[in-house]
Structure formats: structure tokens, C-alpha cells
1. Run the simple label-point estimate for residue 13 and residue 161 please: 7 Å along Cα→C-beta, distance reported in nm.
2. Please state the relative contact order of segment 5-199 as a whole percent: Cα pairs under 8 Å, 6+ residues apart?
3. With everything on Cα atoms, drop me the angle between helix 74-88 and the longest principal axis of the chain, reported from 0 to 90° to the nearest 10.
4. 222 nm [θ] for the chain, helices only, -39500 (n - 2.57) per DSSP H run of 4+, per residue, to 500?
5. Quote to one decimal, in nm, the extra length available between residue 140 and residue 26 on full extension: 0.36 nm per residue of separation minus the C-alpha distance between them.
6. Return 112, 92 ranked ascending by Cβ neighbour count within 10 Å, so the fewest neighbours appear first.
7. Taking the 0 to 90 degree range and rounding to the nearest ten, how far is the long axis of helix 56-65 tilted relative to the main principal axis of the chain, both from C-alpha atoms?
8. Helix 104-114 versus the longest principal axis of the chain: what angle, 0 to 90°, nearest 10, using Cα atoms?
């Protein structure tokens, strides 16, 4: 089965601050911007909604209001939080990670470790937790973050590698790592910005 990773350049404090903010204007703006996406998602998950899951907009309302949440339908709140990140942030190039199969994230993490880049791991986007009080989905989307400091440290670690060290890494893995390096550089351009990632 194929998976996909979507990553966003965001001010992590801003997107976290949206949770439980009660900001009706924000909710309406997100709902308006992503109206077609929300309608498509409701069609895709119509069976789950018929079984009691909140619609995507209802899930967005719960995220902005800070609840109430139904832990059985954590996926809807995760996808609603992704809308918040997309609203505030910038989607980053992810062709090396969407779609992917099997242990690809682990393989790229192994390449990072081979280069002694230890500040970040792609599997953080698989094994991390959504911000509190959002319930953790049983399956997808999973969520993780790279802080501004982690991005800065990882970029420094990359810059400390030699061309020979880089060439020793499997070509496809190296190209994926170079995409991550581009994310690090993007994060450095804006004070306080990090990376939010959703794996699904």
C-alpha cells in the first residue's frame, strides 16, 4: 500500500495556538478557502460520517474550539488540523515522499544517520503525536514536527559533510535527503518557522 507525506513550512506556535482559540473568523476563513477540498473529503469519508464521524468542517470546528472530540474519529481532527497548517503555512516540495512504499522513511533516516545528521528523523512524522488536546488517530494521518532549532542543527550537520560522504549514500536516498535540506533552508529564512508533517 502506498503512503504519502505532506510537509508544511509554518510558525509552529501559530498553528498550535489555533487549537482551542475559539476564533470563529479563522474557522470560517479556512472553511471558505478549502470549501471544495472539504466537500471532497466528506464524499470520500461518507461511510464513516454515516457511522457517526464528524464531517470535515465539524472536525475543524472542534479543533478551533478545543473540543469536544470523539477519540474514535481521530483521523478527522488530524486532517482538520492539516487544513490549519495549510492555511497558515507553505506546502513544501515532497515528490520524494509522496507516494512512497514500505520502509522508505526509515531508509532515508538511515541515510541521514550515515551522514551523521542526527537532529531530525523523518519517522518523527510517523511516530509523533498531534498537539494536545487533539486525539491521536488510530491509523492516519500521523503527525510530527521539526522545530526551528532542529532544522538549523540539521542544516549545519549537512553542511559539515563532504562531497565524498554524500556520494557514498544511495543515489535515491541522497536525493530525498537533499529535498529535506531544502526544507531546512526554507525554515531558516523565516524566524520561528519549522516543519509540520502529516503522513497518510
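Read-outs throughout are calculated quantities, based only on the coordinates presented, and are distinct from any laboratory measurement. As the structure is a computational prediction, the values presented were derived from the model and not from experiment. Using ideal geometry, Cβ is built from the backbone for each residue, glycine included, and neighbour counts are taken over all protein chains shown.
1. Using points 7 Å along Cα→Cβ, the separation is 3.1 nm.
2. Over segment 5-199, the number comes to 32 percent.
3. Between helix and principal axis, roughly 70 degrees.
4. One gets -15500 deg cm²/dmol as the mean residue ellipticity at 222 nm.
5. Numbers: separation 114, 0.36 × 114 = 41.04 nm, distance 2.47 nm.
Full-extension gain reported as 38.6 nm.
6. Exposure proxy ranking, most exposed first: 92, 112.
7. Tilt relative to the chain: about 80 degrees.
8. 40
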